[in-house]
Protein chains: 2
Amino acid sequence: MRVLWIGTGVMGAPMAKHLFDAGYEVCAFNRTPEKAEALEPDIRSCKSIASCIKDVDIVFTIVGFPNDVKEVYDEILEHAKPRTILVDMTTSSPTLAKEIYKKAQAKNLDFLDAPVTGGDLGAINGTLSIMVGGDFHIYEKVLPLFQFMGKTITFMGKPGSGMYAKLVNQTVIAGNIMGIAEGLVLAKSKKLDLDSMLNVITGGSASSWQAQNNGRKMIDQDYRPGFFVKHFLKDLKLAMEEKEDLDLEVLEIATKAYQKLSDKKFSEEGTQAIIEYYLQKMM
Amino acid sequence: MRVLWIGTGVMGAPMAKHLFDAGYEVCAFNRTPEKAEALEPDIRSCKSIASCIKDVDIVFTIVGFPNDVKEVYDEILEHAKPRTILVDMTTSSPTLAKEIYKKAQAKNLDFLDAPVTGGDLGAINGTLSIMVGGDFHIYEKVLPLFQFMGKTITFMGKPGSGMYAKLVNQTVIAGNIMGIAEGLVLAKSKKLDLDSMLNVITGGSASSWQAQNNGRKMIDQDYRPGFFVKHFLKDLKLAMEEKEDLDLEVLEIATKAYQKLSDKKFSEEGTQAIIEYYLQKMM
């Protein structure tokens, strides 16, 4: 299979590299050409999507926001040859994913939505978790390639399901990280030793990946990003769009809190900066 | 050290038993005499607190609610001989713990607040996490006894700090468990396969002790209690009382949600029953 990789940022670049290392012929496109050129000579850079897409069997996309996905798929759907497999790995709108799937079907193209979790380290180490929606027989064809990028690959069902699964995952994280922040702020207000408190939290039934990986950073007010506030806020807003009439109160509060945090110029910080939202309210 | 153990319920009984097994002389009091008598002949049952307390060096209490703590300590403080060490292991009010500490000091008695996490299994297996507030030199004296009951013993600082730490722990759990419930309800509304979804959640950065231990039960609507709704609600209300002017929005929502769940006669179910709060809103 010949691969076109679109979007070579902190996630896309190492993911494309894994496919090259596995022996696939890979070319890459990025709106900022230097980012694709940086992968040469292993991965050939494309001047445009149109100039490369007819030479490949499969296209992976991992770009920023749903609008970027929309834009890039307008071009992909116009130029791809029939039976090209298209895989969007951006965390994007499930509704948009279903639309693209339908448009792709109409042009004899196949489409999977396959967002990931695990961050830049997961991308670099090939240990991402990948959630896939679409047709199962297409999933089976792409699975060998997914396995070079991720450790846990889960088929979630019909088109859009991969995106839904990702938004569910982020909804769970939202409650989790808000709970940790509220707990630590309460501990701080009572002048508890925060190191001891974190040991208690991570030592029992309050423990979580977030507490283990972001708890110490919250205490130290170390906001260097593992996962950006701006991306998490995007995910939470997508979940809010998709929840319809469900009354998900914690998700709603988390979305508002991350919006305020973003408004206060924390959008380029890591998600653990949510503690700042509470600390600033304390003062 | 001779021990009086007050409160021999699902938690207290196995905890007292560990001290007996370790070689301590233990007698026990319970308001329902049969519950203390059930521990004989290993542990002698007391007809009243007053009739036993003068024979012991240390008193442990683990009863139901702050009012029970207040009542039992009125009697303890009246009858204990000077330098008796008193240890409340109930999850109770930090403010009350501080009051009891002061009253105890005035009578030349020592007091620690030392609530636990880890549930009935932790009590049975001697693997509880114990958070201790009070005077450090008294903590040092009691530590060998704590070590027969728990695996992680943490000194949190001045009187009341053990209780505060427990409430912080429960605040973290509140966000965590609400997030899991909201995520699963969103997944269900989108008709995702919930088993696959739980695998995704527990396989990455959304994972937690709660997801691992309560996620499956939520999906199966299996509400058999590991930790009772009524006890969790008590803890959340205590945290709300103690938060003062902190704006802990998720804690507040969780407290209201568990109150409603309790009002709907789920108070004797396990905390995972919170999924029912959301499912009933869906219908």
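Of the DSSP H helices in chain B, those with a Cα length along their own long axis of 15 Å or more and a mean Kyte-Doolittle hydropathy reaching 0.0 comprise B:136-149, B:161-189.
With contacts defined as alpha carbon pairs under 8 Å and 6 or more residues apart, what's the relative contact order of the stretch B:165-282 in percent? Before the final figure, lay out each step's value.
Numbers: 118 pairs, mean separation 43.3, N = 118.
After rounding, I find 37 percent.
Under a Cβ-only charge scheme (Lys and Arg +1, Asp and Glu -1), can you give me the dipole magnitude of the stretch A:165-282 about the Cα centre, in debye to the nearest 20?
With Lys and Arg at +1 and Asp and Glu at -1, about 420 debye.
Label points for B:F148 are taken 7 Å from Cα along Cα→Cβ. From this copy to the others they lie 6.2 nm apart, shortest first.
In nanometers and ordered shortest first, the copy-to-copy spacing of the A:D247 label point, defined 7 Å from Cα toward Cβ, is 2.2. Between B:K47 and A:K103, the modelled labels are 8.7 nm apart [label points 7 Å from Cα along Cα→Cβ]. Within a straight-line Cα-Cα reach of under 21 Å, B:K281 can be paired with the following lysines, leaving aside sequence neighbours fewer than 8 residues apart in one chain: A:K243, B:K188, B:K190, B:K191, B:K217, B:K230, B:K256, B:K260, B:K264, B:K265. Computed with a 1.4 Å probe over protein heavy atoms only, the accessible surface of the stretch B:68-210 comes to 33 Å² per residue.
Would you please name the trypsin sites (Lys or Arg not before Pro) within the stretch B:187-280 that are DSSP coil residues with at most 15 other C-beta atoms within 10 Å of their C-beta?
Working: sites: B:K188, B:K190, B:K191, B:R216, B:K217, B:K230, B:K234, B:K237, B:K243, B:K256, B:K260, B:K264, B:K265; in loops: B:K190, B:K191, B:K243.
Passing sites in the stretch B:187-280 are B:K191.
Across the stretch B:2-159, Cα-Cα pairs more than 18 Å apart make up 52 percent of the total.
How long are the semi-axes of the equivalent ellipsoid of the protein assembly as shown, defined as square roots of 5 times the Cα gyration tensor eigenvalues? Whole Å, largest first.
Details: eigenvalues 596, 93, 77 Å².
Sorted largest first and rounded, they come to 55, 22, 20 Å.
For chain A, the percent of C-alpha pairs falling in each 5 Å distance bin, counted from 0 to the bin holding the largest distance, reads 1, 6, 12, 15, 17, 15, 11, 9, 7, 4, 2, 1, 0.
The trypsin sites (Lys or Arg not before Pro) of the stretch B:7-37 meeting both criteria, a DSSP state outside H, G, I, E and B (loop) and at most 16 other C-beta atoms within 10 angstrom of the site's C-beta, are B:R31. For the rotational copies A and B, the chain A residue with its Cβ nearest the relating axis, together with that separation in Å, is A:S208, 2. Calculated on C-alpha atoms, the gyration radius of the stretch B:165-282 divided by its Kirkwood radius gives an Rg/Rh of 0.96.
When Rg and the Kirkwood Rh are both derived from Cα coordinates, the Rg/Rh ratio for the stretch B:87-162 amounts to 0.98.
Quick check: from the Cα gyration tensor, does the stretch A:76-220 come out rounded (a/c under 1.5), prolate or oblate? Could you put the intermediate results ahead of the total?
Working: a/c = 3.60, a/b = 2.71, b/c = 1.33.
Note, shape of the stretch A:76-220 comes out prolate.
Close amide H partners of B:I6, meaning residues 5 or more places away or on another chain with modelled amide H under 5 Å apart, are B:F29, B:F60, B:T61, B:I62. Label points for A:L121 are taken 7 Å from Cα along Cα→Cβ. From this copy to the others they lie 2.7 nm apart, shortest first.
Within the accessible surface of the stretch A:55-193, defined with a 1.4 Å probe on protein heavy atoms only, the carbon and sulfur portion equals 52 percent.
Using only helices, what value at 222 nm comes out for chain A when you add -39,500 (n - 2.57) per DSSP H run of length 4 or more and divide by the total residues, to the nearest 500 deg cm²/dmol? Kindly include the intermediate steps, with their values, before the conclusion.
On the way: 13 runs with 153 residues, N = 283.
So the calculated ellipticity at 222 nm is -16500 deg cm²/dmol.
Where in the stretch B:87-108 does the amide nitrogen come within less than 20 Å of the point 7 Å from the Cα of B:D55, taken along Cα to Cβ? Under cut-off, by backbone N: B:87. Remark: spin-label model distance A:D245-A:D220 equals 4.9 nm, labels positioned 7 Å along the Cα→Cβ axis.
Using the Karplus relation 6.51 cos²θ - 1.76 cosθ + 1.60 with θ = phi - 60°, the per-residue 3J(HN,Hα) values for the stretch A:22-32 come to 7, x, 7, 7, 10, 10, 9, 10, 9, 4, 9 Hz, with x marking Gly and Pro.
Would the stretch B:1-55 count as rounded, prolate or oblate if I go by the C-alpha gyration tensor, calling it rounded below 1.5 in a/c and otherwise prolate when a/b exceeds b/c, oblate otherwise?
Oblate, because a/c is 1.5 or more while a/b does not exceed b/c.
Measuring between their Cα centroids, the stretch B:172-196 and the stretch A:1-41 lie 35 Å from each other.
The values are calculated or read from the model by the stated rules, or taken from the named source; none is laboratory data. This one's a predicted model, so the numbers in the text were calculated from it and none came from an experiment. All Cβ positions, even for glycine, are placed from backbone atoms using ideal geometry, and neighbour counts span all protein chains on display. Quick note on the areas: whole protein, heavy atoms, side chains included, nothing else; ligands and nucleic acids left out. Shrake-Rupley method; radii C 1.70, N 1.55, O 1.52, S 1.80 Å.
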